[in-house]
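Working notes, beginning with the structure itself.
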Amino acid sequence: MSHEVLTREIGRSGIAASAVGLGTWAIGGWMWGGTDETQSVRAIEASIDAGISLIDTAPAYGLGRSEELVGQAIAGKRDKVVIATKCGLNWHSGKGNRFFEEDGVPVHRYLGADGIAHEVEQSLKRLGTDHIDLYITHWQDPTTPVAETMEALLRLKQQGKIRAIGASNLSAAELGEYLATGALDAIQERYSMLDREMAETLLPLAQPASVSTLSYSSLALGLLTGKVSATRVFTGDDQRASNPRFSAENRQRAADFASALMPLAREHGASIAQLVIAWTLSQPGITFALCGARDPAQALDNAGAARLRLGGEDLARIEAARQTHLAAIS
């Protein structure tokens with residue numbers, strides 16, 4: 001894999017970023033059984049050194065900890081990265097809809113103008129920067145009209161605090177409201193070999209409007225890396241411990257899928273995870289694939305997918321293996 005890192009543009013913003021992005025939910029520790037902060041910073045640094053410019057984070061990932069670690073890692077390297085972070089999950093005001101508790105702290109979905117104005121300043125401080133490249137509404141707030149939310153985001157854009165606007169975890173109806181403003185650059189949604197609903201619901205609306213798509217959980221929380229054995233034990237608050245998708249039977253199916261792709265992986269000098277990420281980026285309407293990494297080795301492996309180019313025959317072989325081994329995983 002000697003190709004250049006694949007880059008793509010975020011909507012009509014004029015901002016180009018690596019098609020493979022580093023997702024930093026796990027780095028925040030919450031729902032992932034804690035985090036090794038030194039390794040986390042090194043993972044971010046390794047990604048940047050490998051040519052990955054897109055870094056995705058959010059205040060809710062560890063109640064600000066993920067953003068702080070990203071800020072540490074990009075110090076002195078701000079010009080090399082495109083930062084995506086989010087708003088709309090807050091624990092400072094109590095406004096909006098109560099959504100969940102994180103470490104005993106109630107977190108609400110709230111996208112009112114005052115909440116966004118507060119959140120952006122907190123994120124800028126934690127990230128150690130004066131602007132956010134892509135600012136995304138994390139979860140939608142039924143108590144606030146989209147028009148009010150977009151008005152607040154456009155104000156931030158005019159002030160130079162954000163450069164592009166995105167929305168995540170939304171319905172087709174909500175996407176329609178965002179599109180009506182003409183100012184949406186990207187959506188961010190779960191998409192993988194196991195989660196393809198978005199192709200039917202959101203992409204038919206987003207693609208004609210030149211709205212980019214950032215897929216998250218591209219490796220299905222690690223299940224599709226070929227590295228999660230049937231005997232693996234998940235500890236602490238790791239969400240995978242109670243996730244039916246990580247049953248021993250499903251992990252065996254994923255292992256069989258990985259075995260089926262090993263010949264193709266060897267032909268390309270690639271890992272199973274790299275094949276899966278490259279497959280994701282080949283799907284119509286998927287612009288960026290966000291992949292988590294908690295140490296430099298994982299970060300470098302994911303980054304390699306941005307240099308991998310798959311042909312039509314390669315994609316057909318991957319699709320056949322997907323249908324044979326993964327179809328039973330819901």
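Solvent-accessible surface of the chain, taken per residue with a 1.4 Å probe and all protein chains present: 40 Å². In terms of its C-alpha gyration tensor, the stretch 154-227 has an oblate overall shape, because the principal axis ratio a/c (a ≥ b ≥ c, square roots of the eigenvalues) is not below 1.5 and a/b does not outweigh b/c.
What label, among [x] 33, 21, 18; [y] 35, 25, 15; [z] 30, 21, 20, belongs to semi-axes √(5λ) of the Cα gyration tensor in Å computed from the structure on display? Derived directly from the coordinates: [z]. Computed over protein heavy atoms with a 1.4 Å probe, the carbon and sulfur contribution to the accessible area of the stretch 1-119 reaches 46%.
Relative contact order for the stretch 237-330: what percent, with Cα pairs under 8 Å and sequence separation of 6 or more? Working shown, then result.
Values: 60 pairs, mean separation 36.6, N = 94.
Contact order relative to length: 39 percent.
A Förster distance of 35 Å, applied to the separation of the beta-carbon atoms of residue 230 and residue 155, puts the FRET efficiency at 0.10. Which of rounded, prolate or oblate describes the stretch 127-284 when judged by the alpha-carbon gyration tensor and an a/c cut-off of 1.5? Note, shape of the stretch 127-284 comes out prolate. When the chain is treated as a GNM with alpha-carbon contacts under 10 Å, the residue of 119, 267, 319 showing the greatest mean-square fluctuation is 267. Within a Cβ distance under 13 Å of residue 39, other residues only, what is the Lys/Arg minus Asp/Glu net charge? Local net charge: -2. Ranking 80, 95, 161 by solvent-accessible area of protein heavy atoms (1.4 Å probe, all protein chains present), from largest to smallest, gives 80, 95, 161.
Rounded, prolate or oblate: which one fits the stretch 38-85, using the alpha carbon gyration tensor with axes a ≥ b ≥ c (rounded when a/c is under 1.5, else prolate when a/b beats b/c, else oblate)?
Working: a/c = 1.90, a/b = 1.44, b/c = 1.32.
Prolate, because a/c is 1.5 or more and a/b exceeds b/c.
Carbon and sulfur: what percent of the stretch 234-286's accessible surface (1.4 Å probe)? Taking all protein chains in place, the stretch 234-286 shows 50 percent carbon and sulfur surface. Centre-to-centre separation between the Cα atoms of the stretch 70-144 and those of the stretch 191-210: 25 Å.
The values are calculated or read from the model by the stated rules, or taken from the named source; none is laboratory data. This structure is a prediction, so every number in the text was calculated from the model and none was measured. Cβ coordinates were reconstructed from backbone atoms using ideal geometry, including for glycine residues, and neighbour counts include every protein chain displayed. Only protein heavy atoms, including side chains, enter the accessible area calculation; ligands, DNA and RNA are left aside. Shrake-Rupley method; radii C 1.70, N 1.55, O 1.52, S 1.80 Å.
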